[in-house]
Amino acid sequence: MKDIAIRQVLIVADESIDNSCVMNKAIDALADELEERNLQVTIAESYDEARPIVANNMDIDCILLATDMQLNLDEENKARRLFSLIKQRQSSVPVFLLADHDTTSEAMSPELMADANEFIWIFEDSPMFIAGRIEAAIERFRQQLLPPLMKAIWDYNEQNHEYSWAAPGHQGGRGFTKSPAGKKFYDFYGENLFRTDTGIERASIGSLLDHSGAFGECEKNAAKVFGADQSYSVVVGTSGSNRTIMQAALTPGDIAICDRNCHKSIEQGLILSGAVPVYMLPTRNRYGIIGPILRSEMTAAAIKTKVAKVKLPHNDEAMAPYSVVTNCTYDGLCYNSAKVEAELDHSADRIHLDEAWYGYARFNPMYEDHFAMRGDPKDHKGATVFATHSTHKLLNALSQASFIHMRQGRRPINFDRMNQAYMLHATTSPLYAICASNDISVKMMGESGESLTQEVIDEAIDFRQAMARLYRDFTKKGSWFFKPWNAEKVTSSQTGKTYDFADAPHKLLAHDQNCWRLAPGDNWHGFKDLEDNWVMLDPIKVSILGPGMGDDGRMLDSGVPAQLVSAYIYQEGIVPTRTTDFQLMFLFSMGITKGKWCTLINSLLKFKEFYDRNAPVAEVLPQLAKDHPEFYGNIGIKELSDKMFQYLKENTPGARLDAAFSSLPEQAMTPRDAYMEIVRDNIELVPSDKLANRVAANSIIPYPPGIPMMMSGERFGGDDSPQIGYLHALEAWDRQFPGFEHVTEGSDAIDGIYHVMCVKE
């Protein structure tokens, strides 16, 4: 295991050093002195050699740039590019310029001089003195390196070798070492995790529950970085964050204006609060991709009409106390939040944007106006605004880490009231490693957010363009391939010039939001009645489309179902985040590498090769053929693909799902009342052929798309109910293609028949 106390110094020698024996000796003497002080020294012999070290080693504590001659323009440009890379990722790391005579400094531009922290004449001072200056700079750097909570935990671990008589019982991990299995567990995670897993009574660190000490400082820093008035660090995931806000904002009978494309934690918030939901319906396209809620659904007039139709008892207020919109959607569609907030401000006193998958938006100009915590919180007017971020999803934090960000406005929620709701969902025994990872996530984004997000955008664009070029090349040959779901042509907002997406300048795609906006009427996205600049596609949430669906929404004569492709690449160790009939979706994150997405492309090409030669399923998906030999033992992969495609074409489960999502079922009781029937055990499992007119006791969420088809307390329609029809379509698919069963949360498949928990009649 790497010693976290090791201090690392990188010495970068420009190309001129090779020709200077004296300078080389001086550098060697300095390196020896640094190592005498237990500093680890790495020497890069050129700027090019240094770049990958700087880009991939975030443990460097000091960088020394050595030169022995007057810098020409080319050398200075190389040096400045290296400095730029350093400052993007390690903005506060000390940088020293080492030179051998005055003429070097005279040749340097003021900009290059300003990039460095210190300039040293390597022959004028002794190696001991220079090493001392470097060591002192490293100590200053390390003192301010860690954010407040992580620093407090670090210092506690370093200084307090205590005998604790309090929980947790493993006592710094010692308890685990008393059995073979426990010792393996201890060795796997390492001592520091267990030494810092302490009770919340450690005064030197503060308390998560009253937001004191280092915990409070962490949250103040998060608010500053994310543009909030107040931020709350959460260790029970964004499910807990969403429920916390709803319990602080809603009382029984209150109207809650809800995006129907919501996470199940929003329904849980309705259950806990007793609020009455009024839903805004999102759109869908021919691929089954959930689109945005249209602005016409959010107008004050539209919402007033919806509220007037609510038959359940509810509080009659001019303004709803709460509204929620999912931003961005799971498929990567990001609302113009400035417009959304302006619209909902007429109907609700509090606006919650569930940005679980979107916590990075503030840190890159690409997403301007398309996230909740825009600009300076001091300028905020109107409704109180909340944003919830799953820092563990697409930022850098451990699972369960989340943040609530709040800007006070109309009908504000004060700290004491908010904290009561917070404590209902918090734990009195938090794992400090989760809390610290939240703190580190804030530090990373505050220091290097634009660089970190830009790298992800760049990699996603490279992948999209590579896929677009392959699709074009195969199409020209009369063959098939997958294509990225994005505009096929893009136009520069600066020059007005239009390019094919595959050939567009990378810089344009990486920096011009206009390339990612969904223009009204564009066929590629297929969402009707959009207004201009209402929604954009997030470049880093990449969907690729298999052949089979026509631009007019009708199935073609042949196609490649995505479920089959997904099964193959999953077998190859590649896990897509979502699969529909013809869509595979991949999330690009800060852990992305070129090798990762190049491997994905190779796997897709390999699948195409298998498909084109109709390789046996036993060769392509051997475990599937072994598990179901009567279905797949004597069939080729193209034959299986054709059977699946023909089934989709004839039985149109996608159209059935569209119908199920296009209208809202009758709301027979509130989600809270439906849940109480579960608690009373006044429920029963009802098979799909007997669901007509029954009331669902829990929500039914088909995956894909992972959006509620039925919410708790809603009533199925008659025998022709589209929701019942969709369940029948799933049953037929499961019978015909075992091993490719869908997941439908809230239902149980018993002997091939879907059963739903319903309130007893």
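The values are calculated or read from the model by the stated rules, or taken from the named source; none is laboratory data. Nothing here was measured: the structure is a model prediction, and the numbers come from that model. Cβ sites come from the backbone with ideal geometry, for glycine too, and all protein chains shown count toward neighbours. When the accessible area is computed, the model is the full protein with side chains, heavy atoms only, and any ligands, DNA or RNA have been set aside. Shrake-Rupley method; radii C 1.70, N 1.55, O 1.52, S 1.80 Å.
Give the residues of the range 64-80 that are modelled with pLDDT of 85 or more and either touching a Lys or Arg at 6+ places or on another chain (Cβ under 7 Å) or open to solvent by 70 Å² or more (accessible area, probe 1.4 Å) (or both), sorted by residue number.
The answer is none; no residue qualifies.
Among Ser296, Ser273, which is the only one that is touching a residue at least 40 places away in the same chain (Cβ under 8 Å), over 22 Å from Thr391 (Cα atoms) and open to solvent by 50 Å² or more (accessible area, probe 1.4 Å)?
One residue alone meets the criteria, Ser296.
Does at least one position in the range 711-721 carry a residue that is within 25 Å of Asp259 (Cβ to Cβ), in a strand (DSSP E or B) and open to solvent by 40 Å² or more (accessible area, probe 1.4 Å)?
yes
So Trp524 clears everything in (1) in contact with a strand residue (DSSP E or B) (Cβ under 8 Å, 6 or more places away or on another chain); (2) part of a loop (DSSP other than H, G, I, E, B); (3) within 20 Å of Gly332 (Cα to Cα); (4) modelled with pLDDT of 95 or more except one condition, right? Which one?
Going through the list (1) in contact with a strand residue (DSSP E or B) (Cβ under 8 Å, 6 or more places away or on another chain); (2) part of a loop (DSSP other than H, G, I, E, B); (3) within 20 Å of Gly332 (Cα to Cα); (4) modelled with pLDDT of 95 or more, Trp524 breaks only (1).
Can you tell me how many residues within the range 372-402 are in contact with a helix residue (DSSP H, G or I) (Cβ under 6 Å, 6 or more places away or on another chain), buried (at least 23 other Cβ atoms within 10 Å of the Cβ) and either in a strand (DSSP E or B) or not hydrophobic (A, V, I, L, M, F, W, C) (or both)?
5
Mind listing whichever residues of the range 203-243 are within 26 Å of Asp369 (Cα to Cα), β-branched (Val, Ile, Thr) and touching a helix residue (DSSP H, G or I) at 6+ places or on another chain (Cβ under 6 Å)?
Within the range 203-243, Val225, Val234 qualify.
Could we say that Thr428 is more than 30 Å from Lys596 (Cα to Cα) and open to solvent by 50 Å² or more (accessible area, probe 1.4 Å) here? Break it down into steps so the answer makes sense when it comes.
Working: more than 30 Å from Lys596 (Cα to Cα): yes; open to solvent by 50 Å² or more (accessible area, probe 1.4 Å): yes.
So Thr428 fits the description; yes.
Counting just the residues of the range 529-558 that are loosely packed, with under 15 Cβ neighbours inside 10 Å and out of contact with any Pro (no Cβ under 9 Å at 6 or more places or on another chain), which one comes out nearest to Leu281 (Cα to Cα)?
Gly553
Take Glu219 and tell me if it is in contact with a strand residue (DSSP E or B) (Cβ under 8 Å, 6 or more places away or on another chain) and charged (D, E, K, R).
Values: in contact with a strand residue (DSSP E or B) (Cβ under 8 Å, 6 or more places away or on another chain): yes; charged (D, E, K, R): yes.
When the stated conditions are applied, Glu219 passes them.
Which condition breaks for Asp61 when tested against (1) of a type in the set (Asp, Glu); (2) at pLDDT 80 or above; (3) out of contact with any helix residue (DSSP H, G or I) (no Cβ under 7 Å at 6 or more places or on another chain); (4) not in a helix (DSSP H, G or I)?
Of everything listed in (1) of a type in the set (Asp, Glu); (2) at pLDDT 80 or above; (3) out of contact with any helix residue (DSSP H, G or I) (no Cβ under 7 Å at 6 or more places or on another chain); (4) not in a helix (DSSP H, G or I), Asp61 misses just condition (3).
Of all residues in the range 649-684, which are in a helix (DSSP H, G or I), out of contact with any Pro (no Cβ under 8 Å at 6 or more places or on another chain), modelled with pLDDT of 95 or more and open to solvent by 60 Å² or more (accessible area, probe 1.4 Å)?
Correct list: Asp673, Tyr675, Met676, Val679.
Just to verify a result, which residue in the range 474-502, among those that are open to solvent by 60 Å² or more (accessible area, probe 1.4 Å) and under 28 Å from the mean Cα position of the chain (by Cα), is nearest to Pro365 (Cα to Cα)?
It comes out as Ser493.
Whether any residue in the range 728-735 is touching a strand residue (DSSP E or B) at 6+ places or on another chain (Cβ under 7 Å) and part of a loop (DSSP other than H, G, I, E, B) is what I want to check.
The answer is no, given that none of the residues of the range 728-735 is touching a strand residue (DSSP E or B) at 6+ places or on another chain (Cβ under 7 Å) and part of a loop (DSSP other than H, G, I, E, B).
May I ask you to list the residues in the range 732-748 that are crowded, with 17+ Cβ neighbours inside 10 Å, in contact with a helix residue (DSSP H, G or I) (Cβ under 8 Å, 6 or more places away or on another chain) and more than 16 Å from Thr580 (Cβ to Cβ)?
Matches in the range 732-748: Ser747 only.
Within the range 586-648, which helices (runs of 4 or more DSSP H) (wholly inside it) include 1 or more residues that are open to solvent by less than 50 Å² (accessible area, probe 1.4 Å) and charged (D, E, K, R)? Full working, then the answer.
Numbers: elements: 594-612, 617-620, 622-627, 629-632.
Those helices (runs of 4 or more DSSP H) span 594-612.
Can you find a residue in the range 297-309 that is out of contact with any His (no Cβ under 8 Å at 6 or more places or on another chain), under 27 Å from Arg517 (Cα atoms) and assigned to a loop (DSSP other than H, G, I, E, B)?
No; the residues of the range 297-309 include none that is out of contact with any His (no Cβ under 8 Å at 6 or more places or on another chain), under 27 Å from Arg517 (Cα atoms) and assigned to a loop (DSSP other than H, G, I, E, B).
Give Pro321, Pro313 a once-over and let me know the one that is over 22 Å from the mean Cα position of the chain (by Cα), more than 29 Å from Leu530 (Cβ to Cβ) and open to solvent by 30 Å² or more (accessible area, probe 1.4 Å).
None of the other options fit; the residue is Pro313.
So which of Leu398, Leu452, Leu431, Leu394 is modelled with pLDDT under 95 and touching a Ser or Thr at 6+ places or on another chain (Cβ under 7 Å)?
Leu394
Give me the pairs, please: first residue somewhere in the range 413-432 and closer than 23 Å to Met150 by Cβ, second residue anywhere and of a type in the set (Phe, Trp, Tyr) and open to solvent by 70 Å² or more (accessible area, probe 1.4 Å), beta-carbon distance under 8 Å, and either six or more positions apart or on two chains.
So the pair list comes out empty.
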